[in-house]
Structure formats: C-alpha cells, structure tokens
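One structure below.
The values are calculated or read from the model by the stated rules, or taken from the named source; none is laboratory data. Here the structure is a predicted model, which is why all the values come from computation and not from measurement. Glycine also receives a Cβ, built like all others from the backbone with ideal geometry; neighbour counts cover every protein chain displayed.
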Amino acid sequence: MTDTKLVAVIGAGTMGHGIAQVSARHGYNVCLYDIDLGIVERGLDRIRGNLNKGISLGKVTPEERENALDRITLSSELGMTVGSADFVIEAVSEQIDVKQQIFRHVEANAPAHALLASNTSSLSIARIAAAMRDPSRLIGLHFFNPVHIMTLVEVVCGPDTSDETRDLGLAFAHSLGKDPIVVRDSPGFASSRLGLVLGLEAMRMVEEGVAKPNDIDKAMELGYRHPMGPLKLTDLVGLDVRLNIAEYLFQALGSEAFRPPEILKAMVEAGKLGKKSGQGFYDWTEEGS
Ligand code: NAI
C-alpha cells in the first residue's frame, strides 16, 4: 500500500496525454484511459516523446523520465480506471452528450472523495453536471496546450459547484505546478472571451487597411509585451477553430465584439486556415515562418 494519490485521466488525446504526463511528473500515480488501448498507447508514446525532448533540452533527467513513465498505467475500461481514483480529469472530445455520459458513469464508480473535473474549453459545466445526481462535485479544470509548458489553469465553477470542490480543484492545479484562476461558468470563460476580442478586432483592422498583419502583431508584442501578436496566434490556433468559437460566443453573449469578421469567414471558406494549411494571415510555407 502507498499514500500516492491516483489521477484518472479520461481521454488520451492532445490534452489527456499532457495532463497524464504532468500528473506523473508531479508524483501522482496515473491511469490513462481511452476507448481502445491502441489510442492510449499512442498517448503514452507522445508522453515518452515529450520527456525525451525534455532530456535533450536538459530539463528532465533520464531517471525522472523513468519514474514518470513507471507511474502511468493504461486502461480501456472506465469503471476500473476511476474505481480507486482521487482525481478524475476528463479530456474527451468536445461533445456534450459524450461528456454527460462519462460523468454519469464516473459518478457511479469513483470514490465519494474524488475530485471530478472536465477539461472542456467551451461547454458549460452546469450543462455537463445536469446529467449527474450530485452536480456540486463537478468542476472545470481548463488546461492549456501544451499542458507541460502552459502554466494557466482556469478553475471553472458552475452554479452548483461546492466550495469544497473548488478548493480541491485549486489545490490540485497548484500541486501540478500550475497557476490557476477561478472563473464563473460563463461562455468563453476568461481566456477565450478576452483573447478572441483582441483577435477579431485585429482582423477588422486588417480588413480596414489600418496596418499590415505583421505590424498589428508588433503593436501588441512591442507595445504591450504580448509574447505573440493576435494574428500570428490565430494562425497557430487555426482560423476555422477561431471562427467556430466566435460564432458560438456571438450567439451566446450577443455582443458585436464577437461578430465574425468577413475576412475570417472568407479565409476559412478559401481553405486558408493558418499554419496547418500553410496559409493564414502569414505564409507558413516559407522557411523560417
Ligand atoms: P483529442 O481529439 O485530441 O482527444 C480526445 C480523445 O477523447 C480521443 O483520444 C478520443 O478517442 C477520446 N474519446 C472520445 N470519446 C470518448 C469516450 N466516449 N470515452 C473515452 N474517450 C473518448 O481532443 P483534445 O484536443 O485533447 O480535447 C479534449 C478536451 O480538451 C476537449 O473538451 C477540448 O475542448 C479540451 N481542450 C482542448 C485544447 C486544445 O488545445 N486541444 C485546449 C484546452 C481544452
């Protein structure tokens, strides 16, 4: 028997593997779950790759890599995954019905003391919790990509989330070396809502010919010390992703600030999605972009 606490991570994709990695690196035992073992193994390969990169950068020792990997077990059986968990972090695809179904199952199988958290980036915690018998147990823990590098976690409290759950969520985020903020369950939380306004306004400025994309970005980078301008960030996130979020927030908040600019719609229509398509507000096909 050991005192080491167990983190169950549901979903082994982009976010799930990162949350599993950071948890293992901070001394937790981890059970990483997805619908089939092949997917979980790919998640583990990504963790191994990240840790190997950490070694080549001098940030991780080979011993730390082995310790972290030794703490991770793989699973494709949900009941077993959460049955003795102290923390359950869900990071499956952004679909409300899938998340509701998972939390119904998790609530029935996880110990009563376990923290139940969703990594949703846009869904309402209240809506997910509506499927649960006790919605006071659910919280949002919105990690950022890549999880092992980004220190922000939005701790999202729904109307029914208890203070105890909030405090447990905050303590868990701190225990992973993160710098959490508490946010009320509202569309776009704090980060997407604020970040998107800047991005959309920058696009409107390109539309109006106020300045070139690179100069608009420089205004924020040099004038406000943002590490990256809003248009370059849009290219990295994907213009299609930003358009989806803008449409959702425009509808949910009813503010003109979120009305998708014509230039964004036209670029997505033309397949200019940013870095992943080679072309966005910048040309990513050129070397050094
Ligand atoms: P992803 O597509 O990389 O991974 C999702 C995983 O969920 C897949 O491995 C899939 O097999 C699994 N899955 C789907 N249905 C399942 C089920 N019923 N049971 C178990 N596993 C299931 O997605 P990603 O990007 O990791 O996103 C996961 C969550 O994190 C979403 O809620 C997303 O909004 C949120 N998020 C994503 C960020 C990002 O930059 N990708 C940033 C912050 C939050």
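Take residues that are buried (at least 22 other Cβ atoms within 10 Å of the Cβ) and tell me which of the helices (runs of 4 or more DSSP H) falling wholly in segment 77-151 contain 3 or more. Full working, then the answer.
Numbers: elements: 78-82, 96-109, 125-129.
Qualifying helices (runs of 4 or more DSSP H): 96-109, 125-129.
Quick check: anything in segment 78-96 touching a Ser or Thr at 6+ places or on another chain (Cβ under 7 Å), more than 20 Å from residue 173 (Cα to Cα) and more than 10 Å from the ligand (Cβ to nearest atom)?
Residues of segment 78-96 that are touching a Ser or Thr at 6+ places or on another chain (Cβ under 7 Å), as a first pass: 81, 90, 94.
Retained after the next criterion (residues that are more than 20 Å from residue 173 (Cα to Cα)): 81, 94.
Retained after the next criterion (residues that are more than 10 Å from the ligand (Cβ to nearest atom)): none.
So far as segment 78-96 goes, no, none of its residues is touching a Ser or Thr at 6+ places or on another chain (Cβ under 7 Å), more than 20 Å from residue 173 (Cα to Cα) and more than 10 Å from the ligand (Cβ to nearest atom).
Could you count how many residues in segment 64-76 are away from the ligand (no atom under 16 Å from the Cβ) and in a loop (DSSP other than H, G, I, E, B)?
Of the residues in that region, 1 qualify.
Among what's in segment 169-180 and is in contact (Cβ under 8 Å) with a residue 60 or more places away in the chain and assigned to a helix (DSSP H, G or I), pick the residue that is nearest to the chain's Cα centre (by Cα).
172
Can you go through 236, 196, 231 and tell me which one is within 15 Å of the ligand (Cβ to nearest atom), within 23 Å of residue 269 (Cβ to Cβ) and in contact with a Phe, Trp or Tyr (Cβ under 7 Å, 6 or more places away or on another chain)?
196 is the lone residue from the list that is within 15 Å of the ligand (Cβ to nearest atom), within 23 Å of residue 269 (Cβ to Cβ) and in contact with a Phe, Trp or Tyr (Cβ under 7 Å, 6 or more places away or on another chain).
Which residues, counting only those in segment 230-258, are surrounded by 14 or more Cβ atoms within 10 Å (Cβ to Cβ) and assigned to a loop (DSSP other than H, G, I, E, B)?
Result: 238, single match.
How many residues are under 19 Å from residue 15 (Cα atoms) and of a type outside the set (Lys, Arg) if we restrict to segment 40-76?
Within segment 40-76, residues that are under 19 Å from residue 15 (Cα atoms) and of a type outside the set (Lys, Arg) number 18.
Pairs, please: C-beta under 9 Å, at least 6 apart or cross-chain, first residue within 15 Å of residue 118 (Cα to Cα) and part of a loop (DSSP other than H, G, I, E, B) and in segment 3-30, second within 13 Å of the ligand (Cβ to nearest atom) and of a type in the set (S, T, N, Q)?
Partner pairs satisfying both residue conditions: 11/93; 11/119; 13/93.
Of all residues in segment 186-229 being touching a residue at least 24 places away in the same chain (Cβ under 8 Å) and part of a loop (DSSP other than H, G, I, E, B), which is farthest from residue 165 (Cα to Cα)?
Among them, the one singled out is 229.
Give 133, 127, 137 a once-over and let me know the one that is modelled with pLDDT of 95 or more, more than 9 Å from the ligand (Cβ to nearest atom), basic (Lys, Arg) and under 18 Å from residue 172 (Cβ atoms).
137
Please work out if residue 52 is at pLDDT 95 or above, away from the ligand (no atom under 13 Å from the Cβ) and either closer than 25 Å to residue 137 by Cα or surrounded by 15 or more Cβ atoms within 10 Å (Cβ to Cβ) (or both).
no
Which residue pairs have Cβ atoms under 6 Å apart, sit 6 or more places apart or on different chains, and have a first residue in segment 35-47 that is touching a residue at least 12 places away in the same chain (Cβ under 8 Å) and a second that is among the polar types (S, T, N, Q) and more than 10 Å from the ligand (Cβ to nearest atom)?
From segment 35-47, the pairs are 47/21.
Tell me whether segment 2-13 contains one or more residues that are surrounded by 22 or more Cβ atoms within 10 Å (Cβ to Cβ) and either more than 18 Å from the chain's Cα centre (by Cα) or away from the ligand (no atom under 13 Å from the Cβ) (or both).
yes
Quick one: residue 183 ticks every box in (1) touching an Asp or Glu at 6+ places or on another chain (Cβ under 8 Å); (2) assigned to a helix (DSSP H, G or I); (3) of a type in the set (A, V, I, L, M) bar one, so which box is it?
So the condition that residue 183 fails would be (2).
Which numbered condition in (1) within 16 Å of the ligand (Cβ to nearest atom); (2) crowded, with 21+ Cβ neighbours inside 10 Å; (3) under 25 Å from residue 95 (Cα atoms) is the only one that residue 176 fails?
It fails just one condition, (3).
I'm checking my understanding of the structure. Among residues of segment 20-45 that are of a type in the set (D, E, K, R) and buried (at least 19 other Cβ atoms within 10 Å of the Cβ), which one is nearest to the ligand (Cβ to nearest atom)? Can you show your working first?
Start the filter on segment 20-45 by keeping residues that are of a type in the set (D, E, K, R), which leaves 25, 34, 36, 41-42, 45.
When the remaining residues are screened for being buried (at least 19 other Cβ atoms within 10 Å of the Cβ), the result is 25, 34.
On the way: 25: 18, 34: 5 Å.
This residue is 34.
Pairs please, first residue from segment 266-277 and over 14 Å from residue 234 (Cβ atoms), second anywhere and at pLDDT 95 or above, Cβ atoms under 6 Å, 6+ apart in sequence or on different chains.
Final answer for the pair search is 271/277.
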